[in-house]
Each structure stands twice: as structure tokens, then as C-alpha cells.
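Written out below as C-alpha cells is the structure these notes cover.
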Amino acid sequence: MPQRTIRFSEALVKGIDAAARERGFPSPVSFIRFAVEQEIDNKRQEESARAEERSAASFDQVHGELFRLRRAQQALFAYVDTLSKTILTCMPEPPADARPQAVARAKERYDRLLKSAGAAMNGDSRTALLDLVSNGSAEA
């Protein structure tokens with residue numbers, strides 16, 4: 001173990017000696033070692049606490065983003081729901097003899113709508129929609 005030489009003032013030496021005796025250390029040197037180790041451990045704990053604080057701040061930020069995303073998704077769902085109800089309420093039913101032809105045209109328009117929406121999307125959402133379109137056309 002390497003040795004170090006440290007110079008203390010006379011008052012500090014008396015304080016170290018008194019503290020070592022009060023706390024039951026066999027020598028002032030063992031008290032100094034203990035004090036240095038405690039200071040180093042305290043530094044590690046402070047660094048750990050700062051890392052925890054940064055992680056907590058990151059989680060809070062992600063939580064806020066998810067909350068805003070959820071609110072936007074709910075608003076979009078409400079918009080689409082209201083639009084669908086309006087269209088379905090105002091659109092007249094086709095006559096019975098034209099119904100099969102109207103259903104066939106509606107399916108074609110629906111497929112085009114899905115493909116158009118998929119083309120407008122980016123990233124994983126687009127892949128998910130393309131999977132939906134390919135699965136939907138296999139079932140039809």
C-alpha cells in the first residue's frame with residue numbers, strides 16, 4: 001500500500017486525536033482512513049443520486065409526451081367517430097336493385113382509401129397499415 005504524507009495544523013492534529021479517541025479508533029491514522037473512505041463513498045452516493053434524478057426527469061418527460069399523445073389520439077378518434085356518424089346519417093341507402101353494385105364500388109373506394117392513407121404515412125405506422133391492407137384484401 002503506497003504511503004502519503006499529509007501535514008495538518010496543530011489544532012487539527014489535536015481535533016483528530018480527540019475524535020479518534022471519542023469514536024473508539026485504535027489510532028488517529030485509522031480514523032483518518034475511515035474519514036477519507038466515508039468521503040469517497042459519499043461522493044459515489046451523490047453521483048448515484050444525480051443519475052437517479054436525471055432518470056426521473058427523463059421518465060417525467062416521457063410521461064408528459066405520452067399524455068399529450070393519448071389526448072391527441074382521443075381527439076382524433078372523436079373526430080373520426082363524429083364524421084362517420086354524420087356521413088352515415090346523411091347518406092341515403094341505395095335502391096334494392098342497385099345495392100350489389102353500390103357495395104362493390106364502396107369496397108373499391110375503401111381499398112383506395114386505405115392505400116392512399118398508407119402512402120401518406122411514414123415509418124412503422126405505414127408498415128402496419130400496409131399489413132392491414134394486404135390482410136384485408138386476402139379476406140375479401
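If you project the alpha carbons of the chain onto their three principal axes, what span does each projection cover, largest first, in Å?
Result, largest extent first: 110, 31, 23 Å.
Rounding to the nearest 10 and keeping the result within 0 to 90°, find how far the Cα-based axis of helix 99-120 lies from the longest principal axis of the chain.
Once rounded, the angle reads 30 degrees.
Give the angle, between 0 and 90 degrees and rounded to the nearest 10, that separates the Cα long axis of helix 28-90 from the longest principal axis of the Cα atoms of the chain.
10
Got the relative contact order for the chain handy, in percent, Cα pairs under 8 Å and 6 or more residues apart?
8
Quick check for me: using +1 on Lys/Arg Cβ and -1 on Asp/Glu Cβ, what's the dipole size of the chain about its Cα centre, in debye to the nearest 20?
Dipole about the Cα centre, nearest 20: 220 debye.
Roughly what angle does helix 123-139 make with the longest principal axis of the chain, taking Cα atoms, 0 to 90 degrees, to the nearest 10?
Taking Cα atoms only, the helix is inclined about 40 degrees.
How big is the Rg/Rh ratio for the stretch 45-114, C-alpha atoms only, Rh by Kirkwood, two decimals?
1.45
We did not get these values from a lab; they are worked out from the coordinates using the rules stated. Since the structure is predicted, the reported quantities are computational estimates derived from the model, not experimental observations. Because the Cβ atoms are built from the backbone with ideal geometry, glycine has one as well, and the counts that use them run over all protein chains shown.
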